[in-house]
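**Student:** The structure that follows is given in the form of C-alpha cells.
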Amino acid sequence: MGKGILRYAGLFILLILLQVVVFNNLQLSGYINPYIYVMFILLLPYEISGWLLLGLGLLTGLTVDTFMNTIGMHSSATLFMAFLRPYVLNLFTDREDIDQKGSPSMQVNGLVWFIKYSLVLVFMHHLSLFFIESFAFTGFFHTLWRVILSTLATTAFILILQSLTIKK
Amino acid sequence: MNSLLRFLVKNQFVLLFIVLELFSLWLLSNHSYYQRSKFESVARSVSGYTNSKVDEASSYFNLSETNKVLAQENLELRKQLAVLSSKVELLTEVVGDTITDSVYTYQPARIINNSVNKQYNYLTLNKGSNHGVEVEMGVVTNQGVVGIVAGVSPNYSTVISLLNVDLKLSAKLTRTNHYGSLYWEGGNYQEVTLSDIPQHVPLSIGDTVATSGFSSIFPENIPIGIISSYNSKGSNFHTIKVKLFRDFKQLYNVWIVSNKQKDEQDQLEETINNS
C-alpha cells in the first residue's frame, strides 16, 4: 500500500515535470497542444474511492494551472475527466475485470482497449479545456479542430510513455 | 430528512464533483489580470523559479539566434545614437536646453516562459519588483510591442502578451498618422488586427503600423508590423490585418519601458474625466 502511494507520487511528479519542462515548450503548430499529465488520472487504480479520485483530479489540474498561469482552467477540465472515469471504465470493462486489482494498463487490458479508454477520456478533457479556454462558441470548428488534433497527439504520447514503462 | 440523507449518500460522487467543479470555475472566473490573489503571487514565485531553471538550460540552444538579433539591435541603436547625438548637440548649442533627459527609461529583461498557442497568452520575465518593475509598465523589443506587465513578485513578473485576446493597444499608421485600436483575434499568432481606421483613409498593403504614444504605457513610433490585407466592406471603418515584425516564438530578450511622467499624465487625464 505504502509502496503504491510512493509509486503514484513519483508518477505524479514525473508527469508534471514532463508537462512543464518538455511538452509546454513543444509547440507543434498552433493547433496541437499535448497535455500528457492527464495520464496520471488514467492510470489510477480501479479500486480508488470516488472522493480521492476527484480530489486527485483537482490537485493535478491545480498544479498544472500554477505553472501555466491559468488558475481554474486545467483544474475544471481534469476534474471533469476524473468524474467521467468510472463511467467510461464501466462502459469498456467486463464485470470480471472490474473486480481485478491493479490499474488500467496496456499490458493487462491490451492495446486496443487502452487506446479506446485513453481516447475517450483525453477527448473529454481536451474538449472541456479548449472550450473553457476560448470561452465562447465563436470559432466552434476552429476550437473543435484543435481538440481533435491535440487529443490524437496526447493519446499518442501517452501510448509511447506506457510502452516505455513496460520494458522495465 | 432520512430520504434526503439517503439521496446525499447515494449520489455523493456526483455531488462532490459538482461542488469541486463549481469551486474551480469560481477560481477561473476570479482570475482576471487586475485582481490577482495572494495565492497567485506565491504560485508565481514557485513556477517562476522552475521556469527560470528550465530556461537556463534551453537558452543555450538559442544562443546563435540571440547573438544575431542582438548584433542587429546594436547596429540600429548605434545608428540612432549617431542621429540623436548630432541633434542634441544642435539643441544645446542653439537653445542651451538642459532638460534633455528622456521621459521613458528602458530596462533589459529575459523571457523565461512564453506561449503563443492559447487564447490568453502570458509571458514571464526574470525581473520583478526588486528591479523596479511595476504593474502596467510596457514591454517592447526594437521591432515591436510584446505586452503589458500584469503582475509582479520580487524576482519575476508576468506580462499579458499582445497575443492575448484581452489586450488592446492604441496604434497608428505611420504614413498618415491615423490611429486605431490594435488587438489579437486569437487565430494566427503572427497576425493582429487594427480597427477603427476610417474608410476615407487610403491604405496600401505593406504600410507600417506603429504605436501611437497616446497611452502613457508605450512610447510613440515603436514599429509593430506591416499591413498584410484589409477589408472595407459594409462599415465606416477598415478592418486591417497586420503582420507582426517579430515572431513571438523567437522572443527572448526584451525591454521593460517605464514612463517617468506616467502618474502625472494619468492624474491629469483623470481630473478631466471626472469633471
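**Student:** Measure off 7 Å from each Cα along the Cα-to-Cβ vector at A:SER49 and B:ALA57, then give the distance between these two points in nanometres to one decimal.
**Tutor:** My value for the distance between the label points is 3.8 nm.
**Student:** For a footprinting-style exposure proxy, rank B:LYS262, B:LYS79 by other Cβ within 10 Å, fewest first. Show your work: numbers first, answer last.
**Tutor:** Values: B:LYS262 19, B:LYS79 10.
In increasing order of surrounding Cβ atoms, one gets B:LYS79, B:LYS262.
**Student:** Any idea what the relative contact order of chain A is, in percent, if you count C-alpha pairs under 8 Å spaced at least 6 apart? Each step should come with its number before you reach the end.
**Tutor:** Working: 169 pairs, mean separation 43.2, N = 168.
This gives 26 percent for chain A.
**Student:** Moving on. Taking amide H atoms as placed 1.01 Å from N in the peptide plane, list the residues 5 or more away in sequence, or in a different chain, whose amide H sits under 5 Å from that of B:TYR230.
**Tutor:** B:LYS241
**Student:** Now for a separate question. Can you list the HN-Hα couplings for region A:31-41, worked out from phi with the Karplus curve (6.51, -1.76, 1.60; θ = phi - 60°), rounded to whole Hz and with x for Gly and Pro?
**Tutor:** The phi angles translate into 8, 9, 10, x, 10, 7, 4, 5, 4, 4, 5 Hz.
**Student:** Mind pulling the angle between the C-alpha long axis of helix B:63-94 and the longest principal axis of chain B? Nearest 10 degrees, somewhere in 0 to 90.
**Tutor:** For B:63-94 against chain B, the angle is about 50 degrees.
**Student:** Additional query: If eta is 0.890 mPa s and T is 25 °C, what Stokes-Einstein diffusion coefficient results for region B:233-275, Kirkwood Rh from Cα pairs, in µm²/s? Write down the numbers at each step before the final one.
**Tutor:** Working: Rh = 15.2 Å.
Rounded to a whole number, D works out at 162 µm²/s.
**Student:** Here's a follow-up. Could you pull out the pairs from B:LYS168/B:LYS249; B:LYS127/B:LYS241; B:LYS172/B:LYS249; B:LYS68/B:LYS249; B:LYS127/B:LYS262 whose alpha carbons sit more than 22 Å apart here? Numbers along the way, then the final one.
**Tutor:** On the way: B:LYS168/B:LYS249 20 Å; B:LYS127/B:LYS241 32 Å; B:LYS172/B:LYS249 24 Å; B:LYS68/B:LYS249 16 Å; B:LYS127/B:LYS262 20 Å.
Too far apart for the 22 Å limit: B:LYS127/B:LYS241; B:LYS172/B:LYS249.
**Student:** Pairs of Cα atoms under 8 Å, at least six residues apart: use those to get the relative contact order of region B:96-231, whole percent. Mind showing how you got there, number by number?
**Tutor:** Values: 280 pairs, mean separation 24.7, N = 136.
Computed over region B:96-231, the figure is 18 percent.
**Student:** Most mobile of B:PHE13, B:PHE248, B:PHE214 per a Gaussian network model of chain B (Cα springs, under 10 Å)?
**Tutor:** With Cα springs under 10 Å in chain B, the top fluctuation among B:PHE13, B:PHE248, B:PHE214 is at B:PHE13.
**Student:** Separate question: Fewest Cβ neighbours within 10 Å first, please rank A:SER49, B:SER215, A:SER163 accordingly. Could the numbers behind the result be given before it?
**Tutor:** Values: A:SER49 9, B:SER215 17, A:SER163 12.
Ranking A:SER49, B:SER215, A:SER163 by Cβ neighbours within 10 Å, fewest first, gives A:SER49, A:SER163, B:SER215.
**Student:** Next question. Using the 10 angstrom Cβ neighbour count as an exposure proxy, how do B:PHE237, B:PHE245 rank, fewest first? Please list the in-between numbers first.
**Tutor:** Numbers: B:PHE237 14, B:PHE245 17.
The order, fewest Cβ neighbours first, is B:PHE237, B:PHE245.
**Student:** Let me ask something else about it. Only helical DSSP H runs with n ≥ 4 go in: add -39500 (n - 2.57) per run for chain B, normalise by residue count and round the 222 nm mean residue ellipticity to 500 deg cm²/dmol.
**Tutor:** Mean residue ellipticity, 222 nm, calculated: -11500 deg cm²/dmol.
**Student:** Stick to the Cα atoms of region B:143-275, pair each with every other, and give me the Kirkwood hydrodynamic radius in Å at one decimal. The partial results should precede the final answer.
**Tutor:** Numbers: mean 1/r = 0.0629 Å⁻¹.
After inverting the pairwise mean of 1/r, the radius is 15.9 Å.
**Student:** Using a 10 Å cut-off around each Cβ of peptide A:12-22, what is the average number of partner chain Cβ atoms that fall inside?
**Tutor:** On the way: counts 0, 0, 0, 0, 1, 2, 0, 0, 5, 6, 1.
Average neighbour count from other chains, rounded to a whole number: 1.
**Student:** Determine the relative contact order of region B:200-275: mean sequence separation of Cα pairs under 8 Å and six or more apart, normalised by residue count, in whole percent. Let's see the in-between values first.
**Tutor:** Values: 84 pairs, mean separation 18.1, N = 76.
It rounds to 24 percent for region B:200-275.
**Student:** Given a Förster distance of 51 angstrom, what is the FRET efficiency for B:GLN80 paired with A:LEU119, based on the Cβ-Cβ distance and rounded to 0.05? Spell out each step's value before the answer.
**Tutor:** Numbers: r = 56 Å, r/R0 = 1.09.
It comes out at approximately 0.35.
**Student:** Using only the alpha-carbon atoms, how far is helix B:262-274 inclined from the longest principal axis of chain B? Give it as 0 to 90 degrees, nearest 10.
**Tutor:** 70
**Student:** 5 Å is the cut-off here: which amide hydrogens, built 1.01 Å from N in the peptide plane, fall below it relative to B:GLY147, excluding neighbours closer than 5 in sequence?
**Tutor:** When sequence neighbours closer than 5 places are left aside, the close amide H contacts are B:VAL139, B:LEU162.
**Student:** State whether region B:184-228 is rounded, prolate or oblate according to the following rule on the C-alpha gyration tensor (a ≥ b ≥ c being the square roots of its eigenvalues): a/c under 1.5 gives rounded; otherwise a/b larger than b/c gives prolate, and the remaining case gives oblate.
**Tutor:** Details: a/c = 1.59, a/b = 1.13, b/c = 1.41.
It comes out oblate by the Cα gyration axes.
**Student:** So, one more: Normalise the Debye intensity by I(0) for the protein assembly as shown, one equal point scatterer per Cα, no solvent, then take log10 at q = 0.06, 0.12, 0.14 Å⁻¹ and round to two decimals.
**Tutor:** After summing over all Cα pairs, the log10 values are -0.33, -1.08, -1.35.
**Student:** Against the longest principal axis of chain B, how steep is helix B:12-29, in degrees 0 to 90 to the nearest 10, with axes from Cα atoms?
**Tutor:** Taking the Cα atoms of chain B, the angle to B:12-29 is about 20 degrees.
**Student:** How long, wide and thick is chain B, going by the Cα atoms along their three principal axes, in whole angstroms, largest first?
**Tutor:** Taking max minus min along each principal axis of the Cα atoms, chain B gives 93, 50, 48 Å.
**Student:** State which helices in chain A qualify, where a helix is a whole DSSP H run, it must extend 18 Å or more along its own axis by its Cα atoms, and its mean Kyte-Doolittle hydropathy must be at least 1.6. Kindly include the intermediate steps, with their values, before the conclusion.
**Tutor:** Numbers: long enough: A:2-17 (23 Å, 1.64); A:50-68 (27 Å, 1.44); A:73-92 (28 Å, 0.94); A:111-134 (33 Å, 1.47); A:140-167 (41 Å, 1.28).
Those that pass (Cα extent of 18 Å or more, hydropathy at least 1.6) are A:2-17.
**Student:** In Å, what Kirkwood hydrodynamic radius results for chain A from the alpha-carbon pair distances?
**Tutor:** Details: mean 1/r = 0.0614 Å⁻¹.
Evaluated over chain A, this radius sits at 16.3 Å.
Throughout, read-outs are computed from the coordinates displayed, never taken from laboratory work. Keep in mind the model is a prediction, meaning the values are calculated, not measured. A quick note on method: Cβ atoms are made from the backbone with ideal geometry, for glycine too, and the neighbour counts reach across all protein chains shown.
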